[in-house]
Structure formats: C-alpha cells, structure tokens
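Working notes for the structure below.
The values are calculated or read from the model by the stated rules, or taken from the named source; none is laboratory data. Nothing here was measured: the structure is a model prediction, and the numbers come from that model. Every residue, glycine among them, receives a Cβ derived from its backbone with ideal geometry; neighbour counts consider all protein chains shown. Note: areas computed on protein heavy atoms with side chains; ligands, DNA, RNA excluded. Shrake-Rupley method; radii C 1.70, N 1.55, O 1.52, S 1.80 Å.
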Amino acid sequence: GLAYFGNWDQITSLPEPNSKCTHVIFSGETLYCNISQGSAGDIVYAINGGTRLFSFYSGVINSSFDIAPQGFTISSASSLKYYKPDGSSLNTISSYGWGIPDISQGIVTGNYLWVADKNYGLVKGENMTAFTSLSLPGPATNDVVNISSLNGKTILCAGGADKSWNGMKRSFQVSVHENNKFINIVQGTSTDAMRSFIDPWNSSHFFISSWGSGLFEYENNTLMNHYNSSNSPLQISGTTGSEIKVCGLAMDKLKNLWITQTNVTGSVKILKPGGSWIVYPLTIDAPVIGDIISTENGQKWITLPGSNGLYIIDDNNTPDVFPD
C-alpha cells in the first residue's frame, strides 16, 4: 500500500528532519542516509535504534551510495569508500596509480570495482588495486566541428577555428561510424580536421580538409593521398608560416572535388577524378573562404564568414573552361 499516506512515517530522529536527504541505503541492520549541506559538504547519519553521525568531510559531496558484496560503498568525486554493514572501513580508493579520480559512481562485483569516472570514462579495478581505463565505443573526442552522413556512413571532424578563424591546433582526429561501430583516425602531427566529404558514387571513398595541413583522401579508412603545397596546387596561406588552410569541400556531377582555400591567390581549387587539378582564376575578396556546396543546376555557393555574404559561381558545367 505505498500509495496510502497512512503507511508512511517521517523519520524524526535526524537533527533536522526536514533537511535535504539525497542518498539512502540499508546495509545489515542499519539505515545510512546522506544529508546535503550544499558546498559545506554532506553529512552521513546511521540509524539503528538511535541516530548517530557516521561521517562528515568538509566540502565533500557524495555522489552515490551502492550495495557491495561485503557491505556498501559511498562515492564522492575524489574517493570511493568501502564499508562493512556495521560501518567499519574495508577500503578507500583515492588514486588509480596513474591518475586522480573524479568519481560519479562505483560498483563492486566479486573481485572487481567498476568506476564511472568523469575524466577517464569506465575504470576497472581488479582486487581494488590494479586499475585500467576501458575505451568504450565512441568518437575519438567530443570536440566536434563538423558532421557529414551518407549511405550509412557518418564522419565527425574534431578540428576547428576560433572566432577570428585562427586554427585551434587540435590533433587531427576523424571518427567514422559505420556498421554500428566507430573507427577513429589520427593523422600524425597534422591538426584541425575541418570538413569531410563522402563520395556519393563510392561511400568507402572520402576526403577531409584541414585548417593548416591541406587535404586528405581516404579509401576504406586508409589514407590514399595527402595533398599539400609540395604535391598539389594547394598553397600556404598568407606570406609567412606553413599552414595550408582548406575548409569547404563539394563534388559536382562530373565527380570534380571543389575545394576552398583562405589567404591565397586562387580561392578555389578543383581535383578532377583522374588526379589532375584545375586552379580557378579568381581570388575572392574576403578574409575567410568557408563552406561550398554544388547545387542541382551546377552552381557553386560559397560562404564568406564574418558577415561577408555569399560568392556564387556558375561554370556552365565546364569547370576547366573559364570564359563562359
């Protein structure tokens, strides 16, 4: 009869019966309850016949109470404490040996401790001593700047630029999701994967642009070509430095890949299916040359970030013939 109010009684033996109780667990013959005091820290009381203060650590907020084979655990950000049912201590985990915990919850099963950690994901502790961070299926990082998807393949790029369009200098990380699993691609010392384009005629074939390291071409998640200033018309952006800033990628009906570059002469480059290049004889007057799409009627629309509008090209379906 849980719905009947007459079956309920308030426990009045707490110092402040109406205080905020956030966790409760029953172990042995004792009820342990957690009373929140905000940033001052949590107080744990033990109720068994009488009520007594069980634990208090200034500033420590408990995140979870959980039953364990030999008693129960109390988790806080910095530690997990393992108690017998009578409240005597069995173990305290405050370090993994290779990192400092930030614990959300800890579960004990047999000889294993499983920790949900805000810094390290899922952590396994064997015999409460040997700790291992387990890599769960997922993208390489949560720093995602672009997502593209086609025919069951989804690609996440983890680079980016700040509000002034300076590179974030994030490690080149691309996550490919297909057939219910992730493949994570890390490309050496390259940085700032910006955009991905999946070939509509062959979804195992795709391109990644980089805000600093040029253009990358993949087949079956394996690098086929890395285009830079030494092996293609792609240019170093600006008069100093070595960054090859590529952003927008689009493919027309002739399977030509259109590429935008910033701070170079010739803002648009075209990679033809056979591997040869077209350098479009125009330099768009804008600080940044952004994304590009190829429309059904063959027009190419280019965004110019920073309130600089759009640039539209109609190549009359002859991208290598310029007078028309």
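For Rg and Dmax of the Cα atoms in Å, the listed values are (i) 20.9, 63; (ii) 29.3, 94; (iii) 25.0, 84; which was obtained by calculation from the structure presented?
(ii)
Subtracting the Cα-Cα distance from 0.36 nm times the residue separation, let me have the gained length for ASN91 to LYS169 in nm, one decimal.
Here the segment from ASN91 to LYS169 would lengthen by 23.8 nm.
Calculated FRET efficiency, GLN10 and LEU53, Cβ-Cβ r, R0 22 Å, to nearest 0.05?
Numbers: r = 20 Å, r/R0 = 0.90.
After rounding, the FRET efficiency stands at 0.65.
Working only with C-alpha atoms, what are the Rg and Dmax values of region 173-324, expressed in angstrom?
Radius of gyration, then largest Cα-Cα span, for region 173-324: 15.1, 48 Å.
Given a cut-off of under 8 Å on Cα pairs at least six residues apart, what relative contact order in percent is computed for region 225-323?
Numbers: 197 pairs, mean separation 18.0, N = 99.
Computed value for region 225-323: 18 percent relative contact order.
Pairs of Cα atoms under 8 Å, at least six residues apart: use those to get the relative contact order of the chain, whole percent.
After rounding, I find 6 percent.
Quick one: if you stick a label point 7 Å off each Cα along the C-beta vector at SER307 and THR109, how many nm between them?
5.7
As a test question: what accessible area, to the nearest 10 Å², does LYS169 have when a 1.4 Å probe is rolled over all protein chains in place?
Accessible surface of LYS169 is approximately 120 Å².
For the chain, what % of the accessible area comes from carbon and sulfur atoms, probe 1.4 Å?
Here it works out to 51 percent.
With each pseudo-label sitting 7 Å past Cα toward Cβ, what's the CYS21-THR189 distance in nm, one decimal?
6.1
Could you do me a favour and compute the accessible area per residue for the chain, 1.4 Å probe, result in Å²?
Here the per-residue accessible area is 52 Å².
Along its three principal axes, how long is region 250-324 when you only count alpha carbons? Whole Å, largest extent first please.
34, 25, 22
If I stretch the segment between ASP320 and THR141 completely, what's the gain in nm (0.36 nm per residue apart, minus their alpha carbon distance), one decimal?
Full-extension gain reported as 60.5 nm.
Under a crude label model (7 Å from the Cα following the beta-carbon direction), how far is SER133 from GLU219 in nanometres?
Taking the two extended label points, one gets 3.6 nm.
Largest first, what is the accessible-area ranking of HIS226, HIS205 with a 1.4 Å probe?
Greatest to least solvent exposure: HIS226, HIS205.
Percent of Cα-Cα pairs per 5 Å bin, from 0 to the last occupied bin, for region 1-143, please list those.
It works out to 2, 9, 17, 19, 17, 14, 9, 6, 4, 2, 0, in whole percents.
Starting from one equal scatterer on each C-alpha and no solvent at all, send me the Debye-based log10 I(q)/I(0) for region 1-67 at q = 0.13, 0.18, 0.19 Å⁻¹, two decimals.
Taken in order of the listed q values, log10 I(q)/I(0) reads -0.39, -0.72, -0.79.
Evaluate the relative contact order of region 158-213 (contact order divided by residue number), counting alpha-carbon pairs under 8 angstrom at least 6 apart; express in whole percent.
Relative CO of region 158-213 lands at 32 percent.
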